[in-house]
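What follows is a short report on a single structure.
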Amino acid sequence: MKKTVLSVTIVSALAATSFTALADGPNFYGRADLAFTNSDLGVATQSQKDGTIIENNFSWLGVKGTEKLSDDIEVVYQMEFGVSNFDNSNATFAARNTFLGLRSAAAGTFLVGRNDTVFKAAEGGFDLFGNTNSDIDLLAAGQSRSADGITYYSPKIADLVTFNATYLIEDNYVKYDGDERIDAGNMYALSATLGDKALKTQNYFVSAAYNDSIDSVKAYRGVAQVKLGSVLLGAFYQNSEHVDDKYANLEGDTFFVNAAYVMDNIKFKVSYGQDDSGLGKYVSRFVGNNDGTGMETVSDVDLKQISVGADYRFSKNTLLYGHYTKYDGDMLLGGVTQDLGDDIITLGMRFDF
């Protein structure tokens with residue numbers, strides 16, 4: 001009996017050792033991010049409510065890992081879920097990047113499932129106010145996290161350049177109008193990146209990307225960032241248009257410039273953006289809150305966003321942040337001028353684990 005127990009123990013230990021040698025994970029991780037926000041209009045807040053509210057800024061839980069199949073190929077997997085039950089929406093989880101794929105040092109990485117498109121990922125670390133009521137997606141279209149797709153990332157060529165692609169399986173997006181089948185057509189995105197989005201191995205990041213019909217938008221963008229000592233500078237430009245002729249009025253340009261200054265544990269940051277396409281979340285949410293009108297009646301969009309704020313790194317996992325954002329501008333909705341102005345003050349805390 002003792003020999004049997006000892007044998008089982010040894011075999012189990014060897015199996016565990018073998019698995020550890022071949023696998024990294026599964027690793028459990030997550031983020032809790034809550035903020036107190038005061039907004040006059042409420043269009044930009046996560047709950048789209050005005051007044052003084054508590055915002056859940058995309059808290060999440062996830063598990064990810066790899067397992068080695070050979071000397072050059074490994075399985076890559078991730079399941080990530082947005083955690084929504086901080087608020088009174090009665091929704092516990094939301095879909096985030098969840099995929100299964102293969103990675104090779106020689107051939108690159110192939111992922112299947114739900115993922116940020118390479119068009120969205122081309123922003124790198126540009127968005128200083130990301131995942132808040134001042135995210136660039138309030139003005140810029142194409143910030144898509146799409147399901148039923150294939151994502152490819154090339155190996156980093158000369159430790160510098162990558163070429164990437166997203167392709168959505170169109171039959172998963174077929175719609176029906178009665179008995180009439182409406183095909184989605186080709187939906188894809190392409191990007192090329194130069195440098196390091198974390199600004200560590202290189203002190204610059206440059207990207208160019210094109211989006212064709214994903215989320216009904218055709219767009220191209222260019223992003224550039226540079227780190228000069230304690231100063232970070234960035235620029236972003238995008239041209240977007242809606243693919244549906246019904247919304248041919250929605251076309252135009254979006255641009256941002258931003259800067260940050262790091263001093264010990266504090267990062268001071270400022271961003272300015274402008275949009276006249278009307279394809280960002282700010283305009284679509286504003287229109288959605290006006291009964292009897294639709295996006296096809298939008299024209300002459302002139303929307304500006306300026307944000308100033310600071311992050312304080314209290315510890316490796318804990319971040320305190322605050323910012324003030326002003327949205328300014330107007331547009332025509334059904335031929336009537338609408339004021340898009342809002343003033344937002346936010347104070348929040350983020351914990352990563």
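Name the residue that is nearest to Lys246 (Cα to Cα), counting only residues in the range 258-308 that are among the polar types (S, T, N, Q) and part of a strand (DSSP E or B). Please lay out each step first, then the result.
So in the range 258-308, the residues among the polar types (S, T, N, Q) come out as 258, 265, 271, 274, 277, 284, 289-290, 293, 297, 299, 305, 307.
The next check asks that each one be part of a strand (DSSP E or B); those that pass are 258, 271, 274, 299, 305, 307.
Values: Asn258: 34, Ser271: 33, Gln274: 24, Ser299: 13, Gln305: 28, Ser307: 33 Å.
Among those that are among the polar types (S, T, N, Q) and part of a strand (DSSP E or B), it is Ser299.
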If we keep only residues of the range 256-275 that are crowded, with 19+ Cβ neighbours inside 10 Å and among the charged types (D, E, K, R), then the residue farthest from Ser299 (Cα to Cα) is Lys267
Practice problem: For Ser84, state whether it is of a type in the set (Gly, Ala, Ser) and either under 23 Å from Asp24 (Cα atoms) or more than 19 Å from the chain's Cα centre (by Cα) (or both). | Solution: no
Ala248: passes all of (1) over 19 Å from the mean Cα position of the chain (by Cα); (2) in contact (Cβ under 8 Å) with a residue 24 or more places away in the chain but (2)
Considering residues that are of a type in the set (Gly, Ala, Ser) and not in a loop (DSSP other than H, G, I, E, B), the number found within the range 79-102 is 4
Of the conditions (1) hydroxyl-bearing (Ser, Thr, Tyr); (2) in contact with a helix residue (DSSP H, G or I) (Cβ under 7 Å, 6 or more places away or on another chain); (3) in contact (Cβ under 8 Å) with a residue 60 or more places away in the chain, the single one that Ser207 does not satisfy is (2)
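List the strands (runs of 3 or more DSSP E) that sit entirely inside the range 139-255 and contain at least 1 residues that are at pLDDT 95 or above and crowded, with 16+ Cβ neighbours inside 10 Å.
It comes to 145-153, 161-168, 187-195, 204-212, 217-228, 231-242.
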Over the range 242-261, the set of residues among the small types (Gly, Ala, Ser) and under 30 Å from Gly309 (Cβ atoms) is Gly252, Ala259, Ala260
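Okay, residues lined up against (1) within 12 Å of Glu123 (Cβ to Cβ); (2) not hydrophobic (A, V, I, L, M, F, W, C):
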{"position": "Ser191", "(1), (2)": "yes, yes"}
{"position": "Leu194", "(1), (2)": "no, no"}
{"position": "Lys197", "(1), (2)": "yes, yes"}
{"position": "Asn203", "(1), (2)": "no, yes"}
Restricting the range 39-81 to residues that are small (Gly, Ala, Ser) and surrounded by fewer than 17 Cβ atoms within 10 Å (Cβ to Cβ), the one farthest from Ala107 (Cα to Cα) turns out to be Gly51
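Please go through the range 108-127 and give me each residue that is part of a loop (DSSP other than H, G, I, E, B) and surrounded by fewer than 24 Cβ atoms within 10 Å (Cβ to Cβ), ordered by number.
Gly124, Gly125, Phe126, Asp127
Going by the structure shown, is Val63 among the hydrophobic types (A, V, I, L, M, F, W, C) and part of a strand (DSSP E or B)?
Against the criterion (among the hydrophobic types (A, V, I, L, M, F, W, C) and part of a strand (DSSP E or B)), Val63 qualifies.
The values are calculated or read from the model by the stated rules, or taken from the named source; none is laboratory data. Being a predicted model, the structure only gives us computed values, none of them experimental. Here the Cβ is made from the backbone with ideal geometry for all residues, glycine too, and neighbour counts use every protein chain on show.
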